[in-house]
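Below you'll find the structure, written out as structure tokens, and then a few comments.
The values are calculated or read from the model by the stated rules, or taken from the named source; none is laboratory data. Predicted model, so just to flag it, every value in this text is computed and none were measured. Note that each Cβ is placed from the backbone with ideal geometry, even for glycine, and that neighbours are counted across all protein chains shown. Surface accessibility is based on the protein's heavy atoms, side chains included, excluding ligands, DNA and RNA. Shrake-Rupley method; radii C 1.70, N 1.55, O 1.52, S 1.80 Å.
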Amino acid sequence: MADRVARALGHGGTVRALAAVTTDLVEEARRRHDTAPTATAALGRALTGALLLASTIKRDERLSLEFSGDGPLRGVLVDATPDGDARGYVLRPATHLPPRAGKLDVGGALGRGVLCVMRVPIAAGTLYRSVVPLESGEIGADLAGYLLKSEQAPAAVGVGVFVGVDGQVVAAGGHLVQALPGASERALDTIAGRVEHLASPSELVREGLSASDILRRIVGEDLALLEEHDARFRCRCSRERVAIAILAMGRREIESVLADDRRAEVTCEFCTQRYVLEEDELRGLLEGEQRV
């Protein structure tokens with residue numbers, strides 16, 4: 001099943017519903033960061049959750065989620081755009097704990113801590129930042145807690161990753177259902193009942209359901225599909241961005257790198273892409289700075 005994000009309204013436009021299939025995206029993140037199973041589940045849930053929330057913001061913004069905890073994983077940082085691009089990493093990719101209640105123990109790996117949510121304007125605009133305590137460290141409940149505390153919007157959020165015995169991602173996905181003004185108690189009770197008896201998102205994906213199929217399972221036939229788009233692991237890093245970052249280090253630091261190593265090596269934390277700037281490129285940066 002292709003990685004997709006679907007967005008819809010239900011019950012006469014009073015319920016917002018989103019769903020995502022993210023198997024290939026999460027597997028690419030696992031491969032890039034060489035994560036152990038519990039770390040893979042944490043990273044995949046966070047990436048999926050970021051894509052769901054990013055589908056609710058403006059097109060000229062991107063969404064960043066930072067989960068920080070006192071558990072062995074320490075933290076997860078991901079970001080996503082409304083167009084379906086997502087990237088991220090965990091602080092300790094080798095983290096793996098024994099299963100809890102038959103599932104990978106993401107909550108135990110992350111521990112107690114906080115979730116920082118940022119909406120970052122791509123061009124001009126105001127940065128939005130909110131920090132809330134982690135509800136459980138299981139990612140989905142933490143995102144639902146953020147929506148309730150910071151946006152006063154009750155929501156049900158489910159995110160899941162199924163990791164095979166070989167460590168590879170077999171299925172990943174998620175859903176978000178949110179009450180909008182005018183939602184009736186009957187509609188909310190109906191959806192709450194469906195969500196309660198719904199299989200986990202990763203199980204739904206393993207069944208072969210698409211993102212829009214998952215929405216129909218949750219909302220029913222009273223569904224108005226607004227949009228569906230591809231999702232992918234995509235990083236914004238580039239050689240040009242690396243050069244700008246090195247230039248920001250200052251002339252003295254660059255001259256020290258030239259004296260000691262004669263080149264600079266930079267690895268992107270989000271995607272592990274490695275960049276090497278040789279001596280002539282570094283000297284070119286210094287000459288350009290001098291001309292300015």
The stretch 4-74 - percent relative contact order, Cα under 8 Å, separation 6 or more: 24 percent
Accessible-area order (highest first, 1.4 angstrom probe) of the listed residues Val170, Val21: Val170, Val21
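Given a 1.4 Å probe and heavy atoms of the protein chains only, how would you sort Cys271, Cys237, largest accessible area at the top?
Highest to lowest solvent-accessible surface, that is Cys237, Cys271.
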√(5λ) per eigenvalue of the Cα gyration tensor, the stretch 107-226, largest first, Å: 24, 22, 15
Rounded accessible area of Leu198 (nearest 10 Å², 1.4 Å probe): 40 Å²
Rounded Å value of the spacing that divides the Cα centres of the stretch 158-205 and the stretch 1-69: 12 Å
Relative contact order computed over the stretch 156-243 (Cα-Cα under 8 Å; 6+ residues apart), in percent: 26 percent
Estimated 222 nm signal from helices in the chain, with DSSP H stretches of n ≥ 4 weighted -39500 (n - 2.57), rounded to 500: -11000 deg cm²/dmol
Amide H contacts of Ala153 (H built 1.01 Å from N, under 5 Å, at least 5 apart or other chain): Leu148
Mean Cα-pair separation over length for the stretch 79-172, i.e. relative contact order, pairs under 8 Å, 6 or more apart, %: 15 percent
In Å², nearest 10: area of Met249 left accessible to a 1.4 Å probe: 90 Å²
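Provide the gained length on full extension for the span Glu279 to Leu180, in nm with one decimal, where the gain is 0.36 nm per separating residue minus the Cα-Cα distance. Mind showing how you got there, number by number?
On the way: separation 99, 0.36 × 99 = 35.64 nm, distance 5.72 nm.
Result: 29.9 nm gained on full extension.
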Angle in degrees between helix 251-260 and the longest Cα principal axis of the chain, rounded to the nearest 10: 70 degrees
Entry for Cα Rg over 2.2 N^0.38 Å (calculated from the structure that is shown) out of (i) 0.91; (ii) 1.10; (iii) 1.21: (ii)
Tilt relative to the chain, helix 37-54 - C-alpha long axis, 0 to 90 degrees, to 10: 80 degrees
Segments 35-42, 7-14, 252-259 sorted - mean Cβ within 10 Å per residue, highest first: 35-42, 7-14, 252-259
